[in-house]
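For reference, the structure discussed in these notes is given below.
The values are calculated or read from the model by the stated rules, or taken from the named source; none is laboratory data. Quick caveat: nothing in here was measured; it's all calculated off a predicted structure. Here Cβ is always computed from backbone atoms with ideal geometry, including for glycine, and neighbour counts include all displayed protein chains. Keep in mind that these areas ignore ligands, DNA and RNA; they rest on the heavy atoms of the full protein, side chains included. Shrake-Rupley method; radii C 1.70, N 1.55, O 1.52, S 1.80 Å.
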Amino acid sequence: MTTPVLEIAEFRTSVETKDFVSAAEAVTPWLAAQPGFRARRLAEIEEGAWIDCVEWDDMESAKSAADRIMESEAAAAFMAGIDFSSLTMRHARIVTSR
């Protein structure tokens, strides 16, 4: 049995909020087409600070998609809006969920 995984990315953006949200929505179909994808939630902590949380079937699916997203044309605008000097990304095994 595999253990589901949360991919949690916290970062600041370098573009206007409306542009970033539009770019984030545009990359969601690419994410949804990746093996092991379950769900995605993007939350604004404060103006320009975000948490992007993606749920995957397992660690292998999460890490594989993370490797491929940097080369995806569908994700180019989304990635261009992230201030990578502020990026913190973690993967966590889900222990309990409802």
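To keep it simple, each residue is scored yes or no on (1) modelled with pLDDT under 95; (2) in contact with a helix residue (DSSP H, G or I) (Cβ under 7 Å, 6 or more places away or on another chain); (3) open to solvent by less than 50 Å² (accessible area, probe 1.4 Å).
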site: P4; (1), (2), (3): no, no, yes
site: E10; (1), (2), (3): no, no, no
site: A39; (1), (2), (3): no, no, yes
site: A49; (1), (2), (3): no, no, yes
site: V54; (1), (2), (3): no, yes, yes
site: D58; (1), (2), (3): no, no, yes
Just to check your reading of the model, which residue among R90, R98 is within 13 Å of the chain's Cα centre (by Cα) and either at pLDDT below 95 or open to solvent by 40 Å² or more (accessible area, probe 1.4 Å) (or both)?
R90
Over segment 21-64, the set of residues touching a Phe, Trp or Tyr at 6+ places or on another chain (Cβ under 8 Å) and without any contact (Cβ under 8 Å) to a residue 40 or more places away in the chain is L31, G36, F37, R38, L42, A43, E44, A49
Looking only at segment 1-47, which residues are farther than 15 Å from E73 by Cα, outside any helix (DSSP H, G or I) and of a type in the set (S, T, N, Q)?
T2, T3, T13, S14
